[in-house]
Amino acid sequence: MPADKNTEITKNILPGERLGKIMAAIIPERIGHGPLYFFVTTFTAFLCLFTVVYTSHWFLPLNSPIFIVASMGAAAVVMYAAPGSPMAKEWAFVTGNLSAAVVGVSCFRLMGDSAFTGPVAVASAIGVMHLLRCQHPPGGATALFAVIGGSEIHAMGYHYVLAPVALNVGVFLVFVLLHRKFLSWHAARSIEQDALRNLLEKAVRRPLISTAELPVAESTRIDDEDIDYALAVTGTYLDIGREQIKNLLESVLKRRSLRNSFELHCAEIMRNDKPLVAYGDSLLDAWLLMKKHDCDFLVVVDRGGFVEGVLRLQHLVESIREIKGIPISAPAASLRFDRRGKEFDRWLKVALAPTGNVMTDKPEVVGQLMEQGLQASSTDIVADLLRTHPNDNKEITMPIAVVADEGRYKGYIDLRHLLG
C-alpha cells in the first residue's frame, strides 16, 4: 500500500483511539451491572416511590403542604442502585433522615431565615450522622429542605419530622426490605447461573497453572475474570472501583498465603534454581553468573557441599566502589544495581578484572567479600525461623540457606520472593 494511503488511514484511526481513551477515563466502568439488574432496580424504585406518595396521600390531609420530601428521590438511587454501600444500610437510611430532619428544623428555629442557616443545618446533620454512624447522603437534603422549604414547611415545626419525613421513611423502608428479601434473591440466582456458565466455558479453554513455585504476590494475583464473576454473582452495584476491589482482595489473599507459608517447613518452600560458587572462585566469574541467571546473590559452598557464606551483589558493589584506582568511574546511583544495564556491566567488569599481581589490595575472589549467611534446617518451621533473625533490611535481602541434617546445602529461601 502506498505511503500516502497509510498516512491517511493513520490520521483517520488515531483521533478515534484518542477519543476512546478520553471517554474511558471520563466515564466510569460498570461494576456489577447487568440487564436484570437494570430492570429490577429501575422498576422497584418506581413502585417504591409511587407507594410512598400514595400512602402519604392516604394518611395526610388533602391540604397538607407536602406529601413526599425530595430526599426520597435521592434515597431511591442509593437504596436501589447502590445497595452494597454502607450508606444504603437500613440503619443509615432511617436514622440519617430522621436525625437530619430534627437538625434542620432546630437550626431554622434557632437561626431564622439567613444565608448561614442552610449550610449550618447540612454541616450539623453530617456531624450528627457521623456520631450515630448513619451517614446517608440524602439526609443532607432532608435537613436543607427544612430550612429552604418555604413558610408552610417552617410553620410545621417539628411536625415536619413526623410527617412527611417519618411517614415517608417508614413506607420506603418496608418496601426496601421486601425488595431485598425477595426480588434481589431471584435476581442473584439467575445472574449466578449465567456467570457460572460463562466461567466454565472459559475455564475449559484455559491451561491449568501450578502456583506452588510462584511468589506470594503472583499466587494471589486476581484476574479481571475473577472479579467479573464475583460481581455477577453479587448482582448489584458496588460503590468501589475495579482496581480498589482487586487491591483489597489481593491484600487479603496475600496475608492468608503468607500466614499459611509461615506454618510450613523450610523444605516445603525452599528453592534450588541458582548456581553455587566456591571460596576461591573469581569475583568476575561470580558476577557473570549473577548476570546470566539474573540474580543478586550466590550461595558459597565448599567441596563437600557445606555452606560457607553468601555473596551479595549489593555488598560486592559497595565494597568495590571504595577501592581507588579503578580506570572508570562508578555509575550513577540510579544505575548502581541495574544488573541488565550496559554501563553497570562495563564498570563492574573493569573493576573486577584480575590485576595479575601476586600481592594486591583489591579483592579478587569470592571468599574475600562473602558474608556469613543465615542457615536453617530443612525441618525448621518458617515462622520460628523468622523470629530468630532481626527484621532489618540486610536480613530481608540476605537469603537463608537451607541445609540437610548433616549440614550440606539443599536450597535457599529468599524472603523477598516469599513476601512477593
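The values are calculated or read from the model by the stated rules, or taken from the named source; none is laboratory data. Here the structure is a predicted model, which is why all the values come from computation and not from measurement. No Cβ is skipped: glycine too gets one built from the backbone with ideal geometry, and neighbour counts run over all protein chains shown.
Brief remarks follow.
- Taking region 73-91 as the range and being touching a Pro at 6+ places or on another chain (Cβ under 8 Å) and buried (at least 23 other Cβ atoms within 10 Å of the Cβ) as the test, only ALA75 passes.
- Residue within region 121-139 that is among the hydroxyl-bearing types (Ser, Thr, Tyr), free of Cβ contacts under 8 Å to residues at least 40 places away in the same chain, in contact with a helix residue (DSSP H, G or I) (Cβ under 9 Å, 6 or more places away or on another chain) and surrounded by fewer than 21 Cβ atoms within 10 Å (Cβ to Cβ) present: yes
- Just one of the listed residues (VAL105, VAL94) is at pLDDT 95 or above, within 21 Å of ALA163 (Cα to Cα) and surrounded by fewer than 21 Cβ atoms within 10 Å (Cβ to Cβ), and it is VAL94.
- Per the listing ASP281, ASP296, ASP285, the residue uniquely within 30 Å of ILE222 (Cβ to Cβ), modelled with pLDDT of 85 or more and not basic (Lys, Arg) is ASP296.
- Filter pass, SER106 being in the same structural domain as HIS154 (by TED's automatic domain parsing), of a type in the set (Ser, Thr, Tyr), more than 13 Å from GLY140 (Cβ to Cβ) and not in a helix (DSSP H, G or I): no
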